[in-house]
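Encoded as structure tokens, the structure appears first; notes follow it.
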Amino acid sequence: MVFSNLIFLYLFLPANFLCYFATKKQIYRNIVLILFSLFFYAWGEPVWITLLLFSATIDYFHGRLAQKYRGKIGAKLAVASSLVLNLGLLAVFKYSGLIIQTVNQLTGLSISAPGWGLPIGISFYTFQTIAYVIDVYRGKVEAQRSYLNFLLFVSLYHRLVAGPIVRYEEVQNDFDQVTITAYDMSEGISRFCVGLFKKVFVANVAGEFVAIYMDGNIAALSSAGAWFGALMYTLQIYYDFSGYSDMALGLGRMFGSSYNENFQYPYIAKSATDFWRRWHISLSSFFRDYLYIPLGGNRKHQYLNLFIVWGLTGLWHGASWNFVLWGLYYGVLICLERLFLRKVLEKIPAFFSHLYLLFITVVGWVIFYYTDSSQLFAYLGKMFSFSGGFPLELQLQIVNNIFWILLSAFFCMPVVPFLRRVIREKFPSSWQEAAGIGQVLLTGFLLLSSTALLVGQSYNPFLYFHF
């Protein structure tokens, strides 16, 4: 099941609200959320609930052991066991196909790859539980004594299948007594509807263009068409993933939890370093705190550490070598920025720094998109061939969709936060009340228009469900 689905919007979520608020004690509300979360996860692939429950159970006990033996060898063994088991699950269920394929190519063998599909969300909840055990070991948090509360932390459907990667310290007070105000509910619904609109109005439409240009006959493309397709994918993946994050944060707010932001308008960045402070923040901060700094960070072997982190960041996104190449691509750029490029970018006008960032990002998304290396290099070659002119069909598509394109590009910038800040600071309370009414009306419009767009639309899951 996905959030941008009529069954979720008009059956699952209302039923969840009804059952949740019909119960008074928090422990029963937590049980309601667990049951709904497991049902949500089982909607598409019920067999993988066993894997989720196994991961939650072993790390519940790992956390208890890490606290009981903190400062002793037993705590280190608990962390080591958690890492081996969780990363082992990832290796088996996510990377075994890539490993076998690579071995076959190197040795000429014909080992059969396993036939199972990728369990949705495994990359997110395994990192979440690993971080929990390490934080208990470090003394940053106390181990959760209630298994039900820990299962809720791992399985909560708001962020289960595509993040953000929530750390236990962010939500450790959200189990025993949760207070949900009318303001929380209003803000949560608004945030959810904004994310829903991002998904169905921009990401899904951009995905149709991506299918035409990036999945079609690459040899027949003009250079302009190849750039257009790459730009559409740049819009699609941002609005798809940030839209999902908006919906996850909105759902959390509706149920009394506040998660950290996962996106901060990454396309306004002026460097690759700045981009990754704004894109998928929960993932980049995870690798920083649990891998880069323990490896030595900036203190020793800085550039080696960067390459290790970015290679693994790429690999985390998928079991294909193009993802590793994509990660190392950013590793090289960030190393160059640390060596000398950042000083250059700081001295030139901001407009050119933005152009640099947008250029490397669009090229990067092409590397990310193609798992087939021949298609990847063919498409990159087409982009930089500067051949084929400006076909009439492409001109018509741009003209017919110019309002949608400009609007989509415009809202990649922090326009809404700017307007809200201006209203709050410059206008009297009567204007602020009017803005509140306007927000309610806008939320209703976004929900109704998104519903209209979803009716009859083909199934279009979130891109990050694959990672």
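Some points to look at:
- As a summary of the residue check, M1 satisfies the conditions (1) part of a helix (DSSP H, G or I); (2) touching a residue at least 24 places away in the same chain (Cβ under 8 Å); (3) surrounded by fewer than 19 Cβ atoms within 10 Å (Cβ to Cβ) except for the one numbered (1).
- Here F175 fulfils each of the conditions (1) at pLDDT 90 or above; (2) more than 23 Å from the chain's Cα centre (by Cα); (3) surrounded by 17 or more Cβ atoms within 10 Å (Cβ to Cβ) apart from (1).
- Every pair of residues 6+ apart whose Cβ atoms lie under 7 Å, when the first sits in the stretch 117-132 and is in contact (Cβ under 8 Å) with a residue 12 or more places away in the chain and assigned by TED's automatic domain parsing to the domain that holds G318 while the second is of a type in the set (S, T, Y) and in a helix (DSSP H, G or I): none
- One residue alone among H301, H280 is without any contact (Cβ under 8 Å) to a residue 12 or more places away in the chain and either outside the structural domain of E169 (by TED's automatic domain parsing) or hydrophobic (A, V, I, L, M, F, W, C) (or both), and that residue is H301.
- Failed item, numbered, when L235 is tested on (1) open to solvent by 10 Å² or more (accessible area, probe 1.4 Å); (2) part of a loop (DSSP other than H, G, I, E, B): (2)
- Residue selected from the stretch 366-421 under the condition in a helix (DSSP H, G or I) and of a type in the set (D, E, K, R), by the criterion nearest to L442 (Cα to Cα): R420
- Of the set (1) over 27 Å from the mean Cα position of the chain (by Cα); (2) charged (D, E, K, R); (3) in a helix (DSSP H, G or I), all apply to R145 but (3).
- Residues satisfying the stated conditions in the stretch 365-411, i.e. free of Cβ contacts under 8 Å to residues at least 60 places away in the same chain, under 30 Å from W310 (Cβ atoms) and of a type in the set (V, I, T): I367, T371
- Set side by side, the residues S271, S258, S223 differ, and just one is farther than 21 Å from W404 by Cβ and touching a Ser or Thr at 6+ places or on another chain (Cβ under 6 Å), which is S223.
- The set of residues in the stretch 129-147 that are basic (K, R) and either touching a Phe, Trp or Tyr at 6+ places or on another chain (Cβ under 9 Å) or open to solvent by less than 20 Å² (accessible area, probe 1.4 Å) (or both) contains only K140.
- Qualifying residue in the stretch 256-273 (condition: in contact (Cβ under 8 Å) with a residue 40 or more places away in the chain, of a type in the set (F, W, Y) and in a loop (DSSP other than H, G, I, E, B)): yes
- Every residue from the stretch 360-396 that is open to solvent by 40 Å² or more (accessible area, probe 1.4 Å), small (G, A, S) and within 13 Å of W326 (Cα to Cα): S373
- Screening H158 on (1) surrounded by fewer than 20 Cβ atoms within 10 Å (Cβ to Cβ); (2) in a loop (DSSP other than H, G, I, E, B) shows it passes everything except condition (1).
- Residues that are open to solvent by 80 Å² or more (accessible area, probe 1.4 Å) and modelled with pLDDT of 90 or more were ranked within the stretch 82-120; the one that is farthest from the chain's Cα centre (by Cα) is V84.
- Exactly one residue out of W43, W48 is surrounded by 18 or more Cβ atoms within 10 Å (Cβ to Cβ) and more than 21 Å from R145 (Cα to Cα): that is W48.
- Filter result (open to solvent by less than 60 Å² (accessible area, probe 1.4 Å), more than 14 Å from the chain's Cα centre (by Cα) and small (G, A, S)) within the stretch 256-295: G256, S257, A269, S271, A272
The values are calculated or read from the model by the stated rules, or taken from the named source; none is laboratory data. None of the values given here were measured: they were computed from a predicted structure. Cβ: placed from backbone, ideal geometry, glycine included. Neighbour counts: every protein chain shown. We work out accessible area using only protein heavy atoms, side chains counted, and drop any ligands, DNA or RNA first. Shrake-Rupley method; radii C 1.70, N 1.55, O 1.52, S 1.80 Å.
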